Amino acid sequence: MTENEYSEYQKTVISGYYNNLDTILLQKLGELVTELYLAETPARKNRLWQRAQKAMLKLKIPPAIIAHIMEKKDVEILAKNLQDWLAPKTKNSGK
């Protein structure tokens, strides 16, 4: 089997991953918020902020919002935005 030939099961798993990528990234961003609250060293915080920025870029968050969050590097601002990004998904799941 070459690298580009996948079984039907593998294709299903890969497809499921990409279909749920937004949800996965939002969950990872939530975990990063927690880690940022608990981070003690500036180096650790910096690495976490870089990961948060990458996640926001993958989520296609508007550049102006990403720039504002990264400029302030305030965990509470990131957490509030994350709540807003999660809100539509929460409302739709209840219907």
In order through the stretch 78-85: 3J(HN,Hα) via Karplus (6.51 cos²θ - 1.76 cosθ + 1.60), integer Hz, x for Gly, Pro: 4, 5, 5, 5, 4, 4, 5, 5
Sequence-distant residues sharing a close amide H with K73 (under 5 Å, placed H): none
16 Å Cα-Cα reach of K54 towards aspartates and glutamates, excluding residues that sit fewer than 8 places from it in its own chain: D22, E31, E35, E71
Theoretical gain in end-to-end length, L26 to Y6 [0.36 nm per residue, Cα-Cα removed]: 4.4 nm
Point-to-point label distance, S15-H68, nm (Cα→Cβ direction, 7 Å offset): 3.9
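Restricting things to Cα coordinates, could you compute the convex hull volume per residue of the chain in Å³?
Values: hull volume 13.3 nm³, N = 95.
Hull volume over Cα atoms, normalised by residue count, gives 141 Å³.
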Ranked list, fewest to most other Cβ atoms within 10 Å of each Cβ, for E40, E35: E40, E35
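Since every read-out is calculated from the coordinates, none of them should be taken as a lab result. What you see is a predicted model; the values in this text were computed from it and never measured. For neighbour counting, all protein chains shown are included, and Cβ atoms are generated from backbone atoms with ideal geometry for every residue, glycine included.
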